[in-house]
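The values are calculated or read from the model by the stated rules, or taken from the named source; none is laboratory data. Bear in mind the structure is a predicted one, so any value in this text is a computation, not a measurement. Note: ideal-geometry Cβ built from the backbone for every residue, glycine included; neighbour counts use all protein chains shown. The protein model used for the area step is the full one, side chains on, heavy atoms only, and it has no ligands, DNA or RNA in it. Shrake-Rupley method; radii C 1.70, N 1.55, O 1.52, S 1.80 Å.
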Amino acid sequence: MTALVHQGATTLGAALAVSGASIVVVQVVRRRSIVNSVLARRWMTWAILAPLWLLAATWVPGRVAVLTVFAIVAAREFGKLNPPMVLADRWILIGWAAVSVPAFALGLEPLAILAAAACSAIVVPLWVQDVEAGPGRIGAVTLGLLLVVAPFLALSAISSDVSAAAFFTVGLAVAFSDVAAFMIGSAFGRRRMSPRLSPNKRLEGVLGNVVGACVGVGVAVAVGIVEPRLWWMAPLVALGSVTGDLTVSLLKRHRGVKDAGSWLPGFGGLLDRVDSLLVSALLVYVALTMVGGVS
């Protein structure tokens, strides 16, 4: 674990230093403000989140705390994006977001936690006999459990049953994938990928997702954080990043809002920042389960 702390801190420090210097150069060349730029605000957000992710990877109580807080905030934002969910439904989702990761840390199986959560989604609509909106409410809560509770359980399982290094690498690859997609899409993007869901997303940016994910996993392999046999995580992270981004975009377009929240500078809400991580975590978890990495 000490090695992961050192390797992870060195890797994150180098990545933040290089990206920060690149932002300064780009803004100077463009003759634009550095401090007030979107890129600078995003860098500041990454500078805050990166140490939290390293803490989560290297200290079990820290991981439980970080993933639980992320899950709670993401559940709250998800509830606001889904009009079919009344206040009781939102509190059910937030409640499960609050207890799921700690319950797993205490020894409960992820499937048992999710099964109990899914059953609870049915109770209130049946109790109040909501014939008109009941099916939509059940579907919305269930989708919330899949998107904002299951991924954090999956990350907990990856760290517990595979390694903290694999957990760290998933987050690193997602971060590199997002950054590369933004940079390549902004610089070379010409063709829209999904104009109704995400007007600013370009097909060229998807190439950035792939390149960034490969770089992220490659860096983790190069510095000895994970073994080369985990290279296969890169395409899954790239696929998950694109899918997660479009899924949250679908919810936002349906609701008619630009961002899921506003508390992360340069990004919007937490759900806007972790959308790529959510599906990526599920895909990596399923793959590890199939190859025997997760019991």
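Compute, for the chain, the length of the dipole vector about the Cα centre, with Cβ point charges of +1 (Lys, Arg) and -1 (Asp, Glu) only. Units Debye, rounded to 20.
Computed about the Cα centre, the dipole is about 1220 debye.
What are the membrane-span-like helices in the chain by this rule: whole DSSP H runs, Cα extent along the axis at least 24 Å, mean Kyte-Doolittle hydropathy at least 0.0?
Taking the DSSP H segments of the chain (at least 24 Å long, mean hydropathy at least 0.0), we get 2-30, 38-58, 60-80, 87-105, 110-127, 164-188, 203-222, 233-255, 270-290.
Assuming R0 = 35 Å, can you tell me the calculated FRET efficiency for the pair Ala222 and Arg253, based on Cβ-Cβ distance, to the nearest 0.05?
Efficiency, rounded to the nearest 0.05: 0.35.
Accessible area of region 182-259 with a 1.4 Å probe: how many percent of it is carbon plus sulfur?
63 percent
Distances longer than 35 Å among the Cα atoms of the chain: what percent of all pairs is that?
Here the long-distance tail beyond 35 Å is 17 percent of all Cα pairs in the chain.
If packing is taken as the mean number of other Cβ atoms within 10 Å per residue, what is the order of 165-177, 140-152, highest first?
Top to bottom by mean Cβ count within 10 Å: 165-177, 140-152.
Send over a whole-number figure in Å² for the accessible area per residue of the chain, probe 1.4 Å.
On a per-residue basis, the chain sits at 48 Å².
Relative to the Cα centre, what is the charge dipole magnitude of region 67-218, using +1 at the beta carbon of each Lys and Arg, -1 at the beta carbon of each Asp and Glu, and rounding to the nearest 20 debye? Kindly include the intermediate steps, with their values, before the conclusion.
Numbers: 10 positive and 8 negative charges, 141 e Å.
Dipole magnitude for region 67-218 comes out near 680 debye.
All other residues with a Cβ under 13 Å from the Cβ of Leu203 taken together, and with Lys, Arg as +1 and Asp, Glu as -1, what is their net charge? Provide the component values of the computation, followed by the final result.
Working: positive: Arg190, Arg191, Arg192, Lys201, Arg202; negative: Glu204.
Result for the local shell: +4.
Quick one: with all protein chains in place, what share of the accessible area of region 47-160 is carbon or sulfur, to the nearest percent (1.4 Å probe)?
That fraction is 78 percent.
With the crude spin-label approximation of a point 7 Å out along Cα→Cβ, what separation in nm comes out for Thr2 versus Ala287?
In this crude spin-label approximation the distance works out to 3.3 nm.
When the chain is modelled as a GNM with alpha-carbon springs shorter than 10 Å, which of Gly208, Gly136, Gly218 fluctuates the most?
Fluctuation is largest for Gly136.
Sorting Met233, Met44 by accessible area (1.4 Å probe), largest first, what list results? Intermediate values should be presented prior to the final figure.
On the way: Met233 5, Met44 110 Å².
Correct descending sequence by accessible area is Met44, Met233.
With a 1.4 Å probe and all protein chains kept in place, how do Met290, Met193 rank by accessible area, largest first?
Values: Met290 155, Met193 65 Å².
Greatest to least solvent exposure: Met290, Met193.
Given H placed 1.01 Å from N in the peptide plane, which residues other than close sequence neighbours of Arg202 have an amide H under 5 Å from its amide H?
Sorted by chain and number, the residues that satisfy this are Met193.
Length gain on complete extension for the stretch Thr10 to Ser120, per 0.36 nm per residue less the alpha carbon to alpha carbon distance?
Net length gain for the segment: 35.2 nm.
Please compute the net charge surrounding Val221, taking Lys and Arg as +1 and Asp and Glu as -1 over other residues with Cβ under 13 Å from its Cβ.
Charge balance near Val221 sits at 0.
Radius of gyration and Dmax for region 1-123's Cα atoms, expressed in Å?
When restricted to the Cα atoms of region 1-123, Rg and Dmax are 19.5, 59 Å.
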